[in-house]
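None of the figures in this text is laboratory data; all of them are computed from the coordinates on show. Quick caveat, the model's predicted, so the values are computed rather than measured. All Cβ positions, even for glycine, are placed from backbone atoms using ideal geometry, and neighbour counts span all protein chains on display.
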C-alpha cells in the first residue's frame, strides 16, 4: 500500500501520481502552505508558523488557492491490517480533538468485533496550495536567520500544498472479509463526544467527521542555500533568482526513507 515507486492502493496511487504529496499518518490541524519542514537524520519536523520564522527579511506570500478534489473524495483504500488501519483511525480522531480515552474505546471496540482488516476513505477532500515558483520567487534576496533550527547537516523543505479532509470513513472486516460493526456501547460513547460526529451506514461503513479539515498529505520542495547564490529549490541546479520565467518547475521531494509514501512528522507547536 505505502511504497512510492509502485503503489498498489488506488487512493495512495492517485495522491502520489496526481498531486506529488507525502502522506501524513499523523494528520495536522493548522498546517498552511509556506511552512518550513526540517529533517534531522531520520526525523522530520514541521515548524509552527510560516517560513518567516527562519528567513530574513520576511517573505510576502499570497493567500493559498483552495480547490475541491472530487477525484480523491470517496476513493477507498485496499484492505490493510487492523494494526495499521486502527492506528491511522486513532491518529485522525486524536487530531480532530477526540479525548484519548474515547479513541482507545473505539479501537478496542473494533478488536472486540474481530476486526482483521480495515478499508478507509476520505470525504470532501480539498487542496490548499501555493505555486512553487511563487515561493521560489519570494525567496530571492533572502537568507536563513541565525536560528537554533538552522544547523549544518539539516535538510530543509518548503511546504507548497496540503490535501485536507474533515471526514474519514472506515469499513472493518473480519478474517473472512465480512463487514463487522462497532458495539452499541462504543456508539453511545461517540454520540456523547462533541469533537466528532459518528454515523453508521447500512453497509457497515462508519463515518467520523470533525469540525475542521485536517491536513492528510503535504507537497514538499527541498530548499538549499549558500551565501553566494542564495536559495535553490527542488532539483533546480541554478539559484531561484535565475529560474524566473523557466519552463522547468522544481521537483517535489519525499523525505521518507526506504521508498515509503508515509511521512511521519513531528509538529512544533501544532
Using a 10 Å cut-off around each Cβ, can you sort 114, 129 from fewest to most neighbouring Cβ atoms?
114, 129
Separation in nanometres of the label points that stand 7 Å from Cα toward Cβ, at residue 177 and residue 5
2.9
Say R0 is 41 Å: what FRET efficiency, to the nearest 0.05, do residue 76 and residue 226 get from their beta-carbon distance?
0.35
For volume of the Cα convex hull per residue in Å³, the listed values are (1) 568; (2) 152; (3) 133; which was obtained by calculation from the structure presented?
(3)
Ranking 112, 151, 4 by Cβ neighbours within 10 Å, fewest first, what do you get?
151, 112, 4
Between the alpha-carbon centers of segment 21-37 and segment 75-122, tell me the distance in whole angstrom.
20
Note on the chain: contact order normalised by length, alpha-carbon pairs under 8 Å, 6 or more apart, percent, works out to 29
Gaussian network model of the chain, Cα within-10 Å springs - most flexible of 130, 214, 84
84
Taking the simple approach of a point 7 Å from Cα along Cα-to-Cβ for both residue 194 and residue 123, what is their distance in nm?
2.2
Helix-only [θ]222 nm of the chain, DSSP H runs n ≥ 4, -39500 (n - 2.57) each, per residue, nearest 500
-6000 deg cm²/dmol
How high is the FRET efficiency between residue 260 and residue 66 when r is their beta carbon distance and R₀ equals 25 Å, given to the nearest 0.05?
0.35
Ranked from fewest to most other Cβ atoms within 10 Å of their own Cβ, 206, 233, 187 fall in the order 187, 206, 233
Residue 203 and residue 87 label points (each 7 Å along its Cα→Cβ direction) are spaced in nm at 2.8
With axes computed from alpha carbons, what is the tilt in degrees of helix 10-19 against the longest principal axis of the chain, rounded to the nearest 10 within 0 to 90?
20
